[in-house]
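The values are calculated or read from the model by the stated rules, or taken from the named source; none is laboratory data. Treat the numbers as computed from the prediction; the structure is a model and nothing was measured. Cβ sites come from the backbone with ideal geometry, for glycine too, and all protein chains shown count toward neighbours. Surface accessibility is based on the protein's heavy atoms, side chains included, excluding ligands, DNA and RNA. Shrake-Rupley method; radii C 1.70, N 1.55, O 1.52, S 1.80 Å.
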Amino acid sequence: MLSLVAMGRGVLPVGEETRRYHPRPDLAYVPIRDAPPILRGPVWLASNTTARVREFVRATVDASDPVS
């Protein structure tokens, strides 16, 4: 998606993490100050739920800060 934006094919609202982790000199990241925060979380196919996936999600939740 960031490549499409860089080619002038649209805009994409992203969280602050995207600006920090995917800096690109061909994009301008403009803060949207009055927007609610973008929440993120793991997503997977229900048909692909395994013990390993459940353990990964549990560890992620345990390690994350609670959303205020």
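Please specify each residue of the range 19-50 satisfying the condition of being open to solvent by less than 70 Å² (accessible area, probe 1.4 Å) and without any contact (Cβ under 8 Å) to a residue 12 or more places away in the chain.
Passing the criteria: GLY41, THR49, THR50.
Give the range 5-15 a look and list any residue that's open to solvent by 90 Å² or more (accessible area, probe 1.4 Å) and within 25 Å of GLY41 (Cβ to Cβ), or say none.
Looking only at the range 5-15, we keep the residues that are open to solvent by 90 Å² or more (accessible area, probe 1.4 Å), and these are 7, 9, 11, 13.
Within the range 5-15, VAL11, PRO13 qualify.
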